[in-house]
Each structure stands twice: as C-alpha cells, then as structure tokens.
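First the structure, in the form of structure tokens, and then the observations on it.
Here, each number is a calculation from the coordinates, and none is a lab measurement. Computed from a prediction, not measured in an experiment: that's the story for all the values here. Glycine gets a Cβ as well: all are built from the backbone with ideal geometry, and neighbour counts include every protein chain shown.
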Amino acid sequence: MQLLRPIRAVCRAPLADAGFTLIETIIAVGLALLVLWPVSTVLLNTQQASSGTIQRADAIQTAQVGLRSMDQQLRNAYEVEFPTQSASCSSPWCTAISSGVQYANVVDVLTHSSNSVNTTTPDSEIRFDCTQPSPTITGDRACYEYICTASYSTGSGSSCTSSGHLVIDDLTNATNSQAGAVFAFCYPTSGTSGGCATPPTGASRPSSAIVTIDVPAAGTLSTHTQNGDPTTVQLTDTVYMQNLDSNYDS
C-alpha cells in the first residue's frame, strides 16, 4: 500500500507585494535627486543671502554708532590741538590748508564732556586716530579713540595716546588724499559771507567739519582674500563746532 504524501501548502506573495528591483530603486533615487537638487540649491542660496543681509546691516549700524560718537565729541570741542593751521602735517595724518579746508585722518580736541575714563574733571582731551590698521581685515584701517584728562591750560601739541578703544573698524578710506580723508575742517571766512577761507582771510581756527566713513557694504563678507562683495557704503555727517565759532563767541 502506497503511503500518501502530505500536501504542503506553498504560500507565495502576491506579485504587487514583491518590492522594487535594483534598477527600479536606482531610477527612483535618480528622479528624487533630480527634483530635490534645485530645491536644496534655492534654499542654500536664500540662507546665504539672508546671512549676508544681516552682516551688511550690522556693519553699517556699527559704523553709524562710531560716527555719532565722533560727531558728539567734535561738537563739544572748545579747542583743536591737532590739526591746526600751523601744524606740521605729514602723510597720512593731515594736509596743509587749501581753499580754507584742512583734511586729516587724526584729530585731537579738548572738550567739555564726562566719560568713563575722565570722571574727576569736566574737561577731556579726545584724540581720534583713523590711521591704525584694522584688527580684523588686513589692508584696511580703523579709528581708535584715546581719552585723557585736560583743562584750558592744556597746551597745543599734546598727544593723548592712553586708554584707546576701537570706535570704527574696517575703514576703506583714511588714505593720503583729500578724497580719502576722514575729517575735513573748514576755516570760516572772517566776514559774514560764509564759506571757507585760508587764514589770514579766514578765521584762525575751524568751526565745522565733515566726517566721512567708508566701510564695506557686505561687512566681513567683502574680505579681499575671499573674493567677496567689493562695494562700500559711505557715511557722511557735517559737524558744527559752535564753541570754536568766533561769530558765536562774539
């Protein structure tokens, strides 16, 4: 008698649930990359543009704060220690008076102002030196402020070089030319017609100044070694120093 073999049930997965073949997987991945690559590129460029915009805004705002600080000290000045009409100017500190205007990258004034350095007397000697090298960008310059105690008896030619701190960084001007000067002092005419004039036709001391700051528009993104954005932003302000105006004093 022949024994019957047990019948084994063989379960096969439906064809629809069999999965993807290697070729199908490679094609699917390729199509996904083809779609996602442009999207990721747009997102990356947007992120970089946003970061650049923030750096630009920060750079300009920082320069504006420094410019206002220098303007305030110049407005309070009652004496100019440097430059003066008789100052021995040397490149790139200052130029001789021409058409009543004297250009400089260093200024030293006496002011009626209190500050964290000078807390004992109401008078301070303030020196702005914009010929110093930038601490962050090689090849550019920076403005430093130096504060010393002073009085009316402080003599001409004194040099305040202590307690310096950075006011504006990454200047692209402060060069040895009229167009690149940070400060432009106007010696007013001795009459009432206005304008600037070289002494003796004009006054013996300046009574107004134009402060010009050129900084990279892209902040640190414009570093020369990184082939960044080379454009600059120019900040300009006119300062009236009424304590030095002979018409005001009279």
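Just to be sure I understand the model, the point goes 7 Å from the Cα along the line to the Cβ. What's the resulting Val35 to Thr149 distance in nm?
Going from the Val35 label point to the Thr149 one covers 7.6 nm.
Would you please give the residues with an amide H less than 5 Å from that of Glu81, counting only those at least 5 places away or on a separate chain, with H modeled from the backbone geometry?
Asp108, Val109, Leu110
When Lys and Arg each count +1 and Asp and Glu each count -1, what net charge do the other residues less than 10 Å away from Thr172, Cβ to Cβ, add up to?
My count for the surroundings of Thr172 gives -2.
Distance in nm between label sites at Ser91 and Gln178, each 7 Å beyond Cα in the beta-carbon direction?
It is 1.6 nm.
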